[in-house]
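Below: one structure, written as structure tokens.
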Amino acid sequence: MVRQVDIVVVGLGVGGEEVAGKLAEAGLSVVGIEHNLVGGECPYWGCVPSKMMIRAGNALAEARRVELLAGQARVEPDWAPVAKRIREEATDTWDDTVAVDRFTGKGGQFVRGYGTVVGPGRVEVSGEVYEARRGIVLGTGTSAVVPPIPGLAGTPYWTNREAIEVEQLPGSLAVLGGGAIGVELAQVFARFGVRVTVIEALDRILALEEPESSELAAAALGGDGVELRTGARAERIGYEGGEFTVHLDKGVPVVAEQLLVAIGRRAQLGELGLESVGIDSAADHIDVDDRMRAGAGIWAVGDVTGHGAFTHMAMYQAGIAIRDILGQEGPPADYRAVPRVTFTDPEIGAVGLTEAQAAERGIPVRTGLSQVPSSARGWIHKAGNNGFIKLVADAERDVLVGATSAGPVGGEVLAPLTLAVKAEVPVETLRHMIYAYPTFHRAIEDSLRDLR
Ligand SMILES: Cc1cc2nc3c(=O)[nH]c(=O)nc-3n(C[C@H](O)[C@H](O)[C@H](O)COP(=O)(O)OP(=O)(O)OC[C@H]3O[C@@H](n4cnc5c(N)ncnc54)[C@H](O)[C@@H]3O)c2cc1C
Ligand SMILES: NC(=O)c1ccc[n+]([C@@H]2O[C@H](COP(=O)([O-])OP(=O)(O)OC[C@H]3O[C@@H](n4cnc5c(N)ncnc54)[C@H](O)[C@@H]3O)[C@@H](O)[C@H]2O)c1
């Protein structure tokens, strides 16, 4: 039986849930299809629970700093309250009833199942076909890449999902991949007493960020007892007697009780039926224009568009798709000032282009660097004050095209820099602003002075 509706949203993760909910609230008849949990990766296995873990690890680290500042504190890490908080407060034990009710409360029709596009405007789920008068929105996200390393398949390795759901910590953990997931979780687990080794194929962790960020993150992880094996590729995995052995292309193998695979995420387009609407299902993402249109009557938002796997990106794109579908005015997508924060301690925030990316684009680059410990607030803060501000300016236009703000609350200090990149505030104006004393963001003024 074919049911007529205005909009079908496939995948109710961060982006899809936002689009489906807002369009339903606007009075359209919306069917939202989700085969797992409404809300997607972020609330159940991503941002939210991982940041709860990080908050807990940071509390331990701060307590350990008491000795340098305020006397004595005895720290005995216990994972039980962290696991409980993730279960009870973050995920409702991985139950999305509240989210489903929120969507249907807005007037949306919810269908649990795997949606497949079967032609222009048509989506099939569990034998029913929904025909969308206005169109289809795809918000199907990404899942963890599991590499075809000999010996890995069939072992009880973790992806982010098992790592987030863990109730009992292993004694030791090998982490494959030194990107955002690898470094954030490596630091948390190390702070709870797990012996962690990070294996990264490239010559530095957080390789997409500034080299200074990689150095800072490496020093921070080292300080927490994490062993880093950079420039090393896993060639073979052994699993015997409850123990993983990761054989590398160089150096001694890494032996650990558990293995976390965190080498990136990929959209799974193969089963979505995209050929029926002329979209390449062998691609690694769905191409969209600056209105999130992937074709006639079809939009895509979030991770699946390949513009950066961030919740704020999914929300931003959702807003644009909603406006486009409702025929409302508004600016097109603009990716010049994409902020991102790696929530290690210190936090590493960045926006726009790195120095290397700017140079690759032929931009005449000037950079400025200042160290947080040398700023008034950094010096006052003392223990745990590592960090820096790096600015990347277009020397010709005299505007910032990128910046990194690393340190305590580095992600918060990023805000004025994101605004400066987005609004192309002249460097001269930034130089003559008043920066409150003694804040962490005041170090921005020092790095402006260093611009050369
Ligand atoms: C450990 C971890 C930590 C993270 N931390 C952060 C962070 O701190 N900050 C940040 O900004 N981002 C973070 N992210 C990234 C963030 O989670 C994603 O960018 C965000 O979830 C993307 O939202 P989305 O809607 O595009 O996709 P998803 O959240 O992946 O949702 C897609 C949904 O579509 C469903 N689906 C797929 N195919 C179908 C189908 N055919 N039919 C029905 N349903 C389907 C899936 O089940 C899923 O629920 C983190 C990710 C991980 C893994
Ligand atoms: N704080 C945040 O915003 C946050 C946190 C976690 C995840 N995320 C999002 O999730 C995405 C996925 O995170 P991720 O850490 O899995 O991926 P990633 O792409 O950030 O990093 C993966 C790392 O694994 C390395 N790698 C690839 N193959 C390897 C191999 N065979 N052996 C060793 N290393 C290998 C890569 O060189 C890279 O450094 C991120 O890109 C990010 O957008 C965001």
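Of note:
- Some residue of the range 190-204 being within 16 Å of ligand 1 (Cβ to nearest atom), at negative phi and in a loop (DSSP other than H, G, I, E, B): no
- Residues satisfying the stated conditions in the range 1-23, i.e. surrounded by fewer than 24 Cβ atoms within 10 Å (Cβ to Cβ) and of a type outside the set (D, E, K, R): 1, 2, 4, 5
- Residue within the range 55-72 that is out of contact with any helix residue (DSSP H, G or I) (no Cβ under 7 Å at 6 or more places or on another chain), surrounded by fewer than 15 Cβ atoms within 10 Å (Cβ to Cβ) and closer than 25 Å to residue 311 by Cβ present: yes
- Any chance residue 132 is part of a strand (DSSP E or B), within 12 Å of ligand 2 (Cβ to nearest atom) and touching a strand residue (DSSP E or B) at 6+ places or on another chain (Cβ under 8 Å): no
- Pairs meeting the criteria (first residue in the range 407-436 and among the charged types (D, E, K, R), second residue not in a helix (DSSP H, G or I), beta carbons under 7 Å, at least 6 apart or on different chains) are 422/336; 422/337; 424/399; 428/398.
- Exactly one residue out of 284, 290, 249 is over 21 Å from residue 6 (Cβ atoms), away from ligand 1 (no atom under 13 Å from the Cβ) and touching a Pro at 6+ places or on another chain (Cβ under 8 Å), and it is 290.
- Listed by first and then second residue, the pairs with beta-carbon distance under 6 Å, at least 6 apart or on different chains, first residue in the range 327-345 and without any contact (Cβ under 8 Å) to a residue 40 or more places away in the chain, second more than 15 Å from ligand 1 (Cβ to nearest atom), are 330/323.
- The residue that is nearest to residue 291 (Cα to Cα), among those in the range 128-143 that are surrounded by fewer than 21 Cβ atoms within 10 Å (Cβ to Cβ) and either within 11 Å of ligand 1 (Cβ to nearest atom) or at pLDDT below 95 (or both), is 142.
- Annotation: of all residues in the range 298-316 being among the hydrophobic types (A, V, I, L, M, F, W, C) and more than 7 Å from ligand 1 (Cβ to nearest atom), the one that is nearest to residue 350 (Cα to Cα) is 315.
- Top-ranked residue of the range 294-312 - restricted to ones that are touching a helix residue (DSSP H, G or I) at 6+ places or on another chain (Cβ under 7 Å) and without any contact (Cβ under 8 Å) to a residue 60 or more places away in the chain, ranked as nearest to residue 6 (Cα to Cα): 295
Residues checked against (1) outside any loop (DSSP other than H, G, I, E, B); (2) without any contact (Cβ under 8 Å) to a residue 24 or more places away in the chain:
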{"position": "137", "(1), (2)": "yes, no"}
{"position": "140", "(1), (2)": "no, no"}
{"position": "147", "(1), (2)": "no, no"}
{"position": "153", "(1), (2)": "no, yes"}
{"position": "167", "(1), (2)": "no, no"}
{"position": "173", "(1), (2)": "yes, no"}
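- Residue 315, sole failed condition from (1) within 16 Å of ligand 2 (Cβ to nearest atom); (2) of a type in the set (A, V, I, L, M, F, W, C); (3) crowded, with 21+ Cβ neighbours inside 10 Å; (4) over 12 Å from residue 142 (Cα atoms): (3)
- Tally of residues being within 16 Å of ligand 2 (Cβ to nearest atom), in contact with an Asp or Glu (Cβ under 8 Å, 6 or more places away or on another chain) and hydrophobic (A, V, I, L, M, F, W, C) across the range 15-46: 1
- Hey, residue 380 more than 20 Å from residue 350 (Cβ to Cβ) and assigned to a loop (DSSP other than H, G, I, E, B) or not: no
- Any hit, the range 212-224, residues being under 13 Å from residue 197 (Cα atoms), away from ligand 1 (no atom under 14 Å from the Cβ), assigned by the TED database to the domain that holds residue 149 and assigned to a loop (DSSP other than H, G, I, E, B): yes
The values are calculated or read from the model by the stated rules, or taken from the named source; none is laboratory data. Every value quoted in this text rests on a predicted model; they were computed, and no experiment measured them. Methodologically, a virtual Cβ is constructed for each residue, glycine included, from the backbone with ideal geometry; neighbour enumeration extends over all protein chains shown.
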